[in-house]
């Protein structure tokens with residue numbers, strides 16, 4: 001190799017080194033000094049209020065403070081800025097998850113606001129609608145539209161339905177047994193507390209009317225209370241709404257005369273019935289003094305008559321006094337039966353079976369004594385309260401026979 005060639009090579013090496021050094025100087029000139037940048041930041045911090053706050057070890061400015069102390073510089077006191085807390089969204093805070101991102105420095109960005117969430121919800125709704133439309137197809141969309149139309153028209157028709165016609169009449173049907181006039185039933189209806197609501201025919205009003213009728217002493221059963229349609233007349237096809245009652249009345253068993261003189265009936269359970277009810281076909285004795293005897297005496301007399309009636313002559317017993325004298329001193333009072341001859345059949349008080357004399361034994365003794373005597377015109381009284389029945393004759397007693405009215409208190 002010649003000297004000229006070596007010189008050229010050396011010059012090329014020198015020029016390359018110079019080029020590398022020039023490029024390094026230019027790179028350093030373009031890149032700012034880190035210490036100068038930190039000093040500029042500290043100067044800008046001096047514009048804040050002079051409130052010294054200790055910087056904790058986990059604050060971002062801790063590294064800068066250590067670098068400044070290494071350079072031997074005294075930094076002014078700075079105020080700690082409060083750390084911003086990222087908004088936390090619960091698992092069920094909304095139907096769409098929060099959109100979380102990060103910037104170039106790696107810091108977590110906050111979620112979107114209300115407007116952004118609304119936009120995302122709208123876009124998701126459009127996607128859902130498009131997906132369902134593709135799934136259903138043309139005929140599915142038509143069927144859904146028809147269904148929605150039917151539902152809307154049904155609600156509209158329900159809101160536009162005409163009001164029902166008012167109730168303008170009443171039809172009463174009695175079950176087999178006694179009957180009353182329609183005027184007496186109308187009298188019950190007028191005393192019904194919600195009589196002004198009967199024209200509407202509402203179900204709750206009909207239920208209350210049924211309960212009201214069951215509370216009437218004469219009513220034994222309320223089978224039906226409803227509103228029915230019937231023709232207005234035979235010439236037209238127009239209808240009207242009518243209140244229909246299907247009820248059964250209590251069956252009278254024995255007649256009763258009250259202390260006021262008013263007459264009525266009692267049924268098999270002891271209910272006092274009005275005298276307007278038709279009574280039984282056979283003639284039966286009249287109950288008296290029920291106000292003093294009470295319901296226990298009424299039921300005891302009904303049970304007595306139920307067993308005694310088929311064993312004696314019809315019409316023999318005319319009256320049953322529930323509060324008559326049982327002895328000559330009238331110290332005790334109870335049930336006494338009167339015959340048409342004026343004889344007194346002393347039965348006793350309710351509950352005397354506890355002393356050992358049963359009701360069946362008393363009835364057997366009474367029937368046997370009546371049959372043995374034959375004619376009761378000579379008999380003043382027959383007493384069956386004790387184990388052995390005994391009787392008193394009028395000749396021995398030498399007193400006239402008492403009527404049931406004279407023996408009342």
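Numbers at a glance
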read-out: Separation in nanometres of the label points that stand 7 Å from Cα toward Cβ, at residue 143 and residue 184; value: 6.6 nm
read-out: Anisotropy class of segment 167-249 from Cα gyration tensor, a/c 1.5 cut; value: oblate
read-out: Additional length obtainable on full extension of the chain from residue 21 to residue 372, 0.36 nm per residue less Cα span; value: 110.2 nm
read-out: Relative exposure of 174, 212, judged by other C-beta atoms within 10 Å (fewest first); value: 174, 212
read-out: Order by protection proxy (mean Cβ within 10 Å, highest first), peptides 350-356, 255-261, 336-342; value: 336-342, 255-261, 350-356
read-out: Whole-number D in µm² s⁻¹ for segment 273-319, Kirkwood Cα-pair radius fed into Stokes-Einstein, 20 °C, 1.002 mPa s; value: 178 µm²/s
read-out: Among 230-236, 265-271, 141-147, 366-372, the order from most to least packed when residues are scored by Cβ within 10 Å on average; value: 265-271, 366-372, 141-147, 230-236
read-out: Fewest-first ranking of 361, 327, using other Cβ atoms within 10 Å as the exposure measure; value: 327, 361
read-out: Prolate/oblate/rounded call for segment 254-397, Cα gyration tensor, a/c under 1.5 rounded; value: prolate
read-out: Relative contact order of segment 254-397, pairs being alpha-carbon contacts under 8 Å that are 6 or more residues apart, as %; value: 16 percent
read-out: Cβ crowding within 10 Å averaged over residues, with 148-156, 179-187 ranked highest first; value: 179-187, 148-156
read-out: Contour minus Cα-Cα distance for residue 173 and residue 153 (0.36 nm per residue); value: 3.0 nm
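Values in this text are rule-based calculations from the coordinates and carry no lab data. All of these numbers come straight from a predicted model, not from anything done at the bench. Every residue, glycine as well, gets a Cβ built from its backbone with ideal geometry; the counts of neighbours run over all protein chains shown.
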